[in-house]
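Here is the structure we will look at, set down as structure tokens.
Read-outs throughout are calculated quantities, based only on the coordinates presented, and are distinct from any laboratory measurement. Only a predicted model underlies this, so the values are computations on that prediction, with no experimental measurement involved. As a convention, Cβ positions derive from the backbone with ideal geometry for all residues, glycine included, and neighbour counts pool all protein chains shown.
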Amino acid sequence: MKRIVFKVGTATLYENGKLSSRIDDIVELLSELNKEYEVLLVSSGAVGAGYTRCPLDKSKLENKQALAAIGQPLLMKEYKERFHKYDVTVAQVLVTAADFDSRKRTDNAQKMINVLLENKVIPIINENDSVSVEEILFGDNDQLSAYVTYYFNADMLIILSDIDAFYTDNPKTNKNAKPLKIVTEINDEWLKQECNPNDKFATGGIVTKLKAAKFLMDRGKSMFLTSGFDLSDVKAFLKGEHKGGTLFK
Ligand code: ADP
């Protein structure tokens, strides 16, 4: 395994409307991994970052896009400063669904990504929310990160979430739900579950993660869903020890 895409969700990055110290731990981990692997990061949180400066009603699309435009440089600044401590350079890459529409556009984007990775620069990828029109919005970074993994030829996607695994049922509402270690098939019933992201800025939820997993599994790639709150499982997994977290393959 050489090239890995990490996706980090809003609920992991923010706590009570403020950036959490969890971002420090994630940056430390990715900086360390960058020595051994090619690392790409798909990060949510631009809308949340924008809201800290300008609390607009995000139920309106144009407000949400404005928040993303305000928040994107704020979020990048937070990453840039933290990665700088480890002497790692980051690049901002904003994509839209249309960038993956044609082979030509994908090839161009991939060549640029290759240049960044060859130079040990970590691309921080997000959807170009502020100009995406409604019908081409990915809408959530789970599926965007699956596209990034596939089209930019990564070996796997690792989703750092507020939940530590995929469970037999929503563990927040069902105490008897059991974590699944390995999933080799996505049941259609699962995809019909209610979309219920926890954070008011999050747009994902478990269903978009399952869709991301299905997209990758159908194309022979794997996805690991694990905690972004406690990084011990992802660290163990990368050392070949699968303790917690769900591997979709
Ligand atoms: P993130 O911000 O990391 O993208 P989300 O809040 O969007 O995470 O999605 C993860 C949430 O999905 C969990 O915290 C949990 O409440 C909910 N969820 C619903 N069903 C399940 C399930 N079967 N297994 C795990 N989590 C589930």
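Details
- For residue 38, the amide hydrogen comes within under 5 Å of the amide hydrogens of 3, 4, counting only partners 5 or more places away or on other chains and with H modelled in the peptide plane.
- Sorting the segments 35-43, 158-166, 17-25 by their residues' average number of neighbouring beta-carbon atoms within 10 angstrom, most packed first, yields 158-166, 35-43, 17-25.
- Counted charge near residue 212, where neighbours are those whose Cβ lies closer than 12 Å (Asp, Glu -1; Lys, Arg +1): +3
- Converting phi to 3J(HN,Hα) with the Karplus coefficients 6.51, -1.76 and 1.60 and the offset θ = phi - 60°, segment 27-32 yields 5, 4, 4, 5, 5, 5 Hz in sequence order, with x at every glycine or proline.
- When the C-alpha to C-alpha distance is required to be over 24 Å, the pairs from 7/235; 58/175; 77/172; 2/235 that qualify are 58/175; 77/172.
- Straight-line cross-link reach from residue 249 at under 15 Å between alpha-carbon atoms covers these aspartates and glutamates, not counting any fewer than eight positions away in the same chain: 155, 185, 218.
- Hydrodynamic radius of the chain per Kirkwood, over alpha carbon pairs, in Å: 18.2
- Between residue 7 and 42, 158, 159, 160, the built amide H atoms are under 5 Å apart, and every one of these is 5 or more places off in sequence or on another chain.
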